[in-house]
Amino acid sequence: MLNPHPTLLAMRGITKRFPGVVALQDVSLTLGRGEVLALMGENGAGKSTLMKILGGAYQPDEGEIILGGNPTVLFNIAEAKRLGIALIHQELMLAGNLDIAGNIFLGNERAAGSSFGWLDRGGMNRRAAELLARVGLDLPPTTPVSRLTAGQMQMVEIAKALALQAHIIIMDEPTSSLTLGETRQLFKIIADLRATGMGIVYISHRMEEVLEVADRVTVLRDGRYVGDLSAQEATHEKIVSMMVGRPLSAWFPERPARAGGEVVLEAENLVVPGARAGVSFNVRRGEILGFAGLVGSGRTELMEVLFGAASARGGIMRLEGAPYLPSTTRDAISRGVYLAPEDRKRHGLVLPMSIAQNVSLPDIGNYPGGGAWLQRGAEVRVATQELERMRIKAPSVFRKVVNLSGGNQQKVVLGKWLAMRPKVLILDEPTRGIDVGAKAEIYRHMAALAAQGIAIIMVSSDMEEVLGMSDRVAVMRERRIERVLDRADATQERIASIMTGAEAA
Amino acid sequence: MRRELGMLVALVVLCMGLWWSNANFVGANNVFNTSRQISMLGILAIGSAFVIVTGGIDLSVGSMVGLTGVILAKISSTAEGGLGHPLWMGICFAMGIALAIGLIQGLLITQLNLQPFIVTLGFMLMLRGVSQTIVNGGNISFSSFGSLANASILSIHGEPILPLLMLFFLAVVIISGYLLHFTVFGRYLYAIGGNRDAAQYSGVPVKRVETITYVISAGLAGVAGICWSSYISQMDQNVGVAFELSAIAACVLGGCSLRGGEGTVFGVIIGTGLMKVIEDGLDMFRIRYHDARGILQFWHPNDNWRYIVIGAVILVAVILDQVVHIVQQHRRTRGTAAPTHPPTGGFPVQPPSEPKVGAAS
């Protein structure tokens with residue numbers, strides 16, 4: 001056993017199935033007292049599912065959980081909490097309308113007698129103040145949570161876990177919205193918690209952080225356990241190769257370098273809502289233009305402007321040389337500019353409807369011979385064609401989209417637009433939450449579409465994807481395009497330094 | 001369709017039961033009356049269904065029934081309080097008002113992004129007040145217009161059995177069935193109810209479509225109001241009170257979800273039938289028995305039970321529906337494998353030593 005820490009938790013042979021997918025297959029994980037375990041894996045590798053099982057939110061179909069030496073069933077969230085497991089979600093689960101103390105004791109309030117007894121606010125505030133001191137947050141417990149920064153909220157979540165006398169704290173992407181200073185502060189607190197014998201599961205995509213903070217790394221891929229690395233063994237390259245399972249180059253289809261196609265869409269001084277200055281760029285026929293940038297750098301907002309879902313505050317656009325300024329999504333669609341949105345369940349799909357109904361939705365009003373009358377025959381024909389072209393895994397086009405896996409759902413979104421012959425296809429985080437196999441398929445489709453002369457704009461936070469797919473990379477920062485790099489000049493370090501502002505434009 | 005068929009079975013069983021307990025249930029008089037009631041509520045409920053399918057709600061339709069009836073009586077009644085204009089003038093004016101108010105509600109909801117519940121609640125109260133102002137606390141006799149509701153298209157032994165109103169209802173059913181289930185417009189309604197944002201991102205003209213549903217709802221409420229004014233032949237300020245709730249209940253009984261995206265015209269017809277058969281049929285229900293002295297007696301349910309029964313039926317319907325839904329989802333998720341859990345253990349109840357986390361600042 002490479003683990004020097006006495007075992008606090010062992011999960012063995014965990015399997016979890018969802019409709020149409022096996023999310024976890026025979027996964028094992030151990031955590032010792034005073035250990036920080038980093039759980040690594042691509043999006044869709046099963047990290048969140050595993051942690052939701054540990055947090056009591058899901059029940060495993062197979063496998064056992066051994067807590068403190070005893071086999072345990074975590075049949076709900078309350079039970080997991082009672083047994084000392086605290087899960088801190090990436091999107092912090094704090095009630096903004098309550099104060100800090102109210103949040104720390106939420107669901108665990110101190111009151112005289114029952115839930116209907118008088119709330120012991122004084123006692124809760126005193127205890128909350130002690131806990132806040134321990135996490136180094138110098139604020140009165142009566143401060144409304146809505147006034148806190150993301151970093152301060154993180155501290156409140158940790159205080160909440162301490163209030164529950166947690167033995168195990170799971171942190172899901174804790175630094176994703178923290179500043180550098182707040183991250184340092186968090187690491188200091190993690191070190192202190194570790195010293196008291198607490199076990200911490202740390203989930204993050206940021207390799208440097210993981211290498212710094214973790215005692216051990218467990219890697220998942222496609223819902224399976226791949227292996228463990230101790231802090232001494234772990235390197236960036238080793239972890240990535242375990243996560244990806246093959247060299248990166250094999251993922252991305254070979255594409256000839258394209259140059260000199262005519263410009264399809266161009267923007268001049270386009271002012272995105274919330275921006276102070278305009279952006280200018282163009283995208284050519286058959287080109288994939290990648291957009292890199294941090295979360296909040298304005299990429300999604302820019303795409304919404306291109307798609308007519310939001311209005312520009314100024315500037316001009318031209319589509320194939322003609323003025324283009326869509327005021328509604330309908331305008332954009334009628335001109336052949338389509339968006340596959342970042343949050344496909346919210347913006348991309350009508351989940352309770354069938355594949356056929358989703359595919360036809362934007363275009364069914366224009367099916368020939370119909371007028372107002374619904375052309376069900378044509379609808380099924382078009383959808384079947386897309387089902388085959390996109391190789392959507394579903395028994396028929398009448399299958400409801402809600403029952404498909406993430407990868408197949410994304411293929412439905414793409415199929416919907418491909419049926420309408422795009423001029424410009426905007427893909428916002430095209431492979432987020434999609435399993436590895438489907439990811440590679442989507443890359444192949446993108447390459448094929450570009451080869452047909454479609455201009456593709458791709459927004460991605462996945463650096464490998466940006467580098468692997470783009471002909472040119474536009475790097476955004478603070479709602480401006482800092483620089484557009486050619487494929488030859490684009491390296492991970494270069495892009496990272498531009499998008500964080502380290503390299504002046 | 002599962003819910004609709006279940007309700008159809010319930011309706012048939014209910015009618016058979018009533019028939020068995022009281023042969024008069026299928027008598028010409030009762031059939032004529034009940035089918036008139038079903039026609040009028042059905043027109044109203046189908047209007048509400050358009051809104052409900054998109055995930056909206058229209059609480060103003062009961063007041064709209066009252067207002068259109070009062071306006072029609074005021075303009076066209078020859079009795080005291082009426083202006084004695086021709087009938088067509090009254091009908092056109094009443095319908096015009098109804099459509100205009102529907103449009104205003106729809107525009108307020110879509111253009112200003114107001115909540116449909118609040119907007120239509122406001123109009124429900126306002127329109128009621130306008131009706132009261134028009135009748136000025138009294139009523140307007142309108143017996144001259146009774147010919148519409150009393151007209152029959154089929155008589156058996158000289159007794160009317162199929163009301164003309166049924167034809168109206170049939171026309172509404174056909175047109176609405178076409179609109180909801182066979183047109184692009186109808187598809188858009190379900191898409192909006194299923195996911196408003198995704199519909200918008202697919203280029204569906206969400207605001208325009210939603211606005212139209214409120215116009216349809218108000219328009220059909222106007223039609224129902226005109227029929228109703230003929231049926232009761234005396235308009236006062238309380239006509240149509242709580243009709244919106246009956247209409248919504250009929251939709252829900254018939255399989256519409258108030259979350260939107262679900263519901264069929266067929267279901268709404270069944271739901272309406274159930275509502276009205278229970279409401280008007282309950283007092284026909286009787287059980288024959290012989291008392292201690294051997295004399296034939298009849299037991300009648302108390303008339304006050306009507307709403308208890310309707311309320312209970314609605315609750316049972318949605319509960320059953322949800323239970324079936326949960327069971328199906330459960331089966332789908334579990335697949336075939338049954339979970340095998342080890343016996344529950346637990347954590348040794350001994351908290352870790354009190355952490356001393358250094359305060360940074």
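None of the figures in this text is laboratory data; all of them are computed from the coordinates on show. On a predicted model such as this, the values are computed, not experimentally measured, just so you know. Here Cβ is always computed from backbone atoms with ideal geometry, including for glycine, and neighbour counts include all displayed protein chains.
Where q = 0.06 Å⁻¹, what log10 of I(q)/I(0) comes from the Debye formula for the protein assembly as shown, counting one point per Cα?
For the protein assembly as shown, the Cα-only Debye profile gives -0.55.
With charges only on Cβ, +1 for K and R and -1 for D and E, what is the dipole size of region B:2-332 about its Cα centre, in debye, rounded to 20? Intermediate results must be reported in sequence, preceding the final value.
On the way: 17 positive and 15 negative charges, 130 e Å.
Dipole size: approximately 620 debye.
Taking the Cα centre of region A:7-247 as the origin and placing charges on Cβ (Lys, Arg +1; Asp, Glu -1), which of A:Gly32, A:Met242, A:Asn108 is farthest toward the positive end of the dipole?
Of the options given, the answer is A:Asn108.
Would you mind checking A:Lys16/A:Lys188; A:Lys81/A:Lys238; A:Lys393/A:Lys439; A:Lys416/A:Lys439 for any pair whose Cα atoms are more than 25 angstrom apart?
Exceeds cut-off: A:Lys16/A:Lys188; A:Lys81/A:Lys238.
Taking neighbour counts of Cβ atoms within 10 Å as a proxy for exposure, in what order, fewest first, do B:Tyr231, B:Tyr214, B:Tyr178 appear?
Neighbour counts put them in this order, fewest first: B:Tyr178, B:Tyr231, B:Tyr214.
Taking +1 at the Cβ of each Lys and Arg and -1 at the Cβ of each Asp and Glu, which of A:Pro362, A:Leu404, A:Leu374 sits farthest along the dipole of region A:360-408 towards its positive end, judged by Cα position relative to the Cα centre?
A:Leu404
On a 0 to 90° scale, report how tilted helix B:2-21 is relative to the longest principal axis of chain B, with both axes built from alpha carbons and the result rounded to the nearest 10.
The answer is roughly 50 degrees.
Can you put A:Arg299, A:Arg487 in order, fewest other beta carbons within 10 Å first?
In increasing order of surrounding Cβ atoms, one gets A:Arg487, A:Arg299.
In deg cm²/dmol and to the nearest 500, what is the mean residue ellipticity at 222 nm of chain A if only DSSP H runs of at least 4 residues count, each as -39500 (n - 2.57), divided by the residue total?
Using -39500 (n - 2.57) per qualifying helix, the result is -9000 deg cm²/dmol.
Based on the Cα coordinates of chain A, what is the per residue volume of their convex hull in Å³?
Roughly 174 Å³ of hull volume per residue.
Can you tell me which of A:372-382, A:318-328 comes out highest on packing, and rank the rest after it, using the mean Cβ neighbours within 10 Å?
For the peptides A:372-382, A:318-328, the packing ranking is A:372-382, A:318-328.
Using the crude model of +1 on Lys and Arg Cβ and -1 on Asp and Glu Cβ, and no other charge, please compute the dipole size for chain A relative to its Cα centre, in debye to 20.
Roughly 1020 debye, rounded to the nearest 20.
Peptide B:186-199: average number of partner chain Cβ atoms within 10 Å per residue?
That average works out to 6.
Over the whole of A:328-340, what's the average partner chain Cβ count within 10 Å per residue? Rounded to a whole number, please.
Mean inter-chain Cβ contacts per residue within 10 Å come to 3.
Looking only at B:Val316, B:Val173, B:Val223, which one moves most when chain B is put into a Gaussian network model with springs between Cα atoms under 10 Å?
B:Val316
Take peptides A:444-454, A:333-343 and line them up by average Cβ neighbours within 10 Å, highest first, as a rough protection proxy.
Values: A:444-454: 17.5, A:333-343: 21.7.
Averaged packing, sorted descending, gives the order A:333-343, A:444-454.
Farthest toward the dipole's positive end in the protein assembly as shown, which of B:Pro116, A:Leu178, A:Leu54, given Cβ charges of +1 (Lys, Arg) and -1 (Asp, Glu) about the Cα centre?
The residue sitting farthest along the positive end of the dipole is B:Pro116.
Would you please give the residues with an amide H less than 5 Å from that of B:Thr183, counting only those at least 5 places away or on a separate chain, with H modeled from the backbone geometry?
Here A:Leu374 satisfy the definition.
Quickly estimate the mean residue ellipticity at 222 nm for chain B, helices only: each DSSP H run with n ≥ 4 gives -39500 (n - 2.57), and the total goes over all residues, rounded to 500.
On the way: 13 runs with 232 residues, N = 361.
Calculated from helices alone, the mean residue ellipticity at 222 nm is -21500 deg cm²/dmol.
Provide the per-residue ³J(HN,Hα) series for region A:166-182, in order, calculated from phi with Karplus coefficients 6.51, -1.76, 1.60 and θ = phi - 60°, each as a whole number of Hz, with x at glycine and proline positions.
5, 9, 10, 10, 9, 10, 9, 6, x, 9, 4, 10, 9, 7, 4, x, 5
Which whole-Hz couplings ³J(HN,Hα) result when phi for each residue of region A:64-73 is put into the Karplus expression 6.51 cos²θ - 1.76 cosθ + 1.60, θ = phi - 60°, listed in order with x for Gly and Pro?
Computed from phi, the couplings for region A:64-73 are 10, 10, 10, 10, x, x, 10, x, 9, 10 Hz.
Under 1.5 on a/c is rounded, so check that first for region A:305-454, then, if it is not, pick prolate when a/b is larger than b/c and oblate when it is not; a ≥ b ≥ c are the square roots of the alpha carbon gyration tensor eigenvalues.
Here region A:305-454 falls in the oblate category.
Indicate the gyration tensor shape class of region B:94-233 (rounded, prolate or oblate), computed on the Cα atoms with a ≥ b ≥ c the square roots of the eigenvalues: a/c under 1.5 is rounded; otherwise a/b larger than b/c is prolate and the rest oblate.
Oblate, because a/c is 1.5 or more while a/b does not exceed b/c.
Determine the shape class of region B:2-332: with a ≥ b ≥ c the square roots of the Cα gyration tensor eigenvalues, call it rounded for a/c under 1.5, and otherwise prolate if a/b is greater than b/c, oblate otherwise.
oblate
Quick one: which residues, 5+ away or cross-chain, put their amide H under 5 Å from the amide H of A:Met40? H built at 1.01 Å from N.
Under 5 Å from the amide H of A:Met40: A:Thr218, A:Val219, A:Leu220.
Other chains near A:53-61: what is the mean number of their Cβ atoms within 10 Å of each residue's Cβ?
Partner Cβ neighbours, averaged per residue: 2.
Counting only residues 5 or more places away or on other chains, whose amide H sits under 5 Å from the amide H of A:Asp61 once H atoms are built in the peptide plane?
A:Thr15, A:Lys16, A:Arg17
With +1 on the Cβ of every Lys and Arg and -1 on the Cβ of every Asp and Glu, and nothing else charged, how large is the dipole of the protein assembly as shown about its Cα centre, in debye rounded to the nearest 20?
Details: 77 positive and 71 negative charges, 168 e Å.
Around 800 debye, computed over the protein assembly as shown.
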